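Chemist: Quick one: structure below, then a few questions.
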Amino acid sequence: MQLWMIFGLWLVYLALTSNLEFSNLVVGLLIALGLTALLRPSPYPLRLQRIPGMAWALLRYGIMVGKDVFLGGLQVARFTLDPKLPIHPAVIAIPSGAEAELATALSAHTITLSPGAVVIEIGEQGMMYTHTLDVTMPDEAYFKMQRQRRDLLTRILPSPPT
């Protein structure tokens, strides 16, 4: 398995650099070896039948993140350009609902990437305390967005065999 990972990373490096000189081949191989040594392999094997679903979920997740960043940027720009607009900053508690810590961390990262929101703490039970610039949506809307993130991350990340 490690050889396939090294070979795959090496090919990705070569495709990105578009340089087949000997020195670049060696550098790419060293980077692939280093990354493989540093990254811990997943305890769960990747099943081939899950790859299309994972790819589809990753595409949907990327679109969702892009939309959140774009709309958040527009909202922050509105508040910046028109200081008379009322804002309602607050800290809200959003349950992550994810079993895996990685899913909670990625979800918190996604929230923090969105302009106007930042996760300030993750509690013991996965509760994400989030400071938002303008709390005008009902709590259920935040919970629905988190459920969507959690469901997509659950499909993307490796999971134990069932």
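The values are calculated or read from the model by the stated rules, or taken from the named source; none is laboratory data. Everything numeric in this text was worked out from a predicted model, so none of it was measured. All Cβ positions, even for glycine, are placed from backbone atoms using ideal geometry, and neighbour counts span all protein chains on display.
Chemist: Just checking, which of Thr80, Thr36 is over 30 Å from Lys144 (Cβ atoms), out of contact with any Lys or Arg (no Cβ under 7 Å at 6 or more places or on another chain) and either at pLDDT 95 or above or among the hydroxyl-bearing types (Ser, Thr, Tyr) (or both)? Even if it seems obvious, please write down each step before you answer.
Modeler: Details: Thr80 fails: over 30 Å from Lys144 (Cβ atoms).
Exactly one of Thr80, Thr36 is over 30 Å from Lys144 (Cβ atoms), out of contact with any Lys or Arg (no Cβ under 7 Å at 6 or more places or on another chain) and either at pLDDT 95 or above or among the hydroxyl-bearing types (Ser, Thr, Tyr) (or both), namely Thr36.
Chemist: Another one. Give me a count of the residues in region 112-144 that are among the hydrophobic types (A, V, I, L, M, F, W, C) and in contact (Cβ under 8 Å) with a residue 24 or more places away in the chain.
Modeler: Final tally of qualifying residues: 9.
Chemist: Yes or no: region 91-101 includes at least one residue that is aliphatic (A, V, I, L, M) and either in a helix (DSSP H, G or I) or farther than 28 Å from Leu157 by Cβ (or both). Working first, answer last.
Modeler: Step one: list which residues in region 91-101 are aliphatic (A, V, I, L, M), which gives 91-94, 98, 100.
If we keep only those that are either in a helix (DSSP H, G or I) or farther than 28 Å from Leu157 by Cβ (or both) too, we end up with none.
The answer is no; no qualifying residue exists.
Yes or no, residue by residue, for (1) under 26 Å from Ile51 (Cβ atoms); (2) more than 17 Å from the chain's Cα centre (by Cα):
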{"position": "Ala90", "(1), (2)": "no, yes"}
{"position": "Ile94", "(1), (2)": "no, no"}
{"position": "Ala98", "(1), (2)": "yes, no"}
{"position": "Ala103", "(1), (2)": "yes, no"}
{"position": "Thr110", "(1), (2)": "yes, no"}
{"position": "His131", "(1), (2)": "no, yes"}
{"position": "Met137", "(1), (2)": "no, yes"}
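Chemist: Filter region 107-162 down to the residues that are among the small types (Gly, Ala, Ser), surrounded by fewer than 18 Cβ atoms within 10 Å (Cβ to Cβ) and within 23 Å of Arg60 (Cα to Cα) and list them by number. Please lay out each step first, then the result.
Modeler: Just the residues of region 107-162 that are among the small types (Gly, Ala, Ser), to begin with: 107-108, 114, 116-117, 123, 126, 141, 159.
So of that shortlist, the ones also surrounded by fewer than 18 Cβ atoms within 10 Å (Cβ to Cβ) come out as 123, 141, 159.
Those that are among the small types (Gly, Ala, Ser), surrounded by fewer than 18 Cβ atoms within 10 Å (Cβ to Cβ) and within 23 Å of Arg60 (Cα to Cα): Ala141, Ser159.
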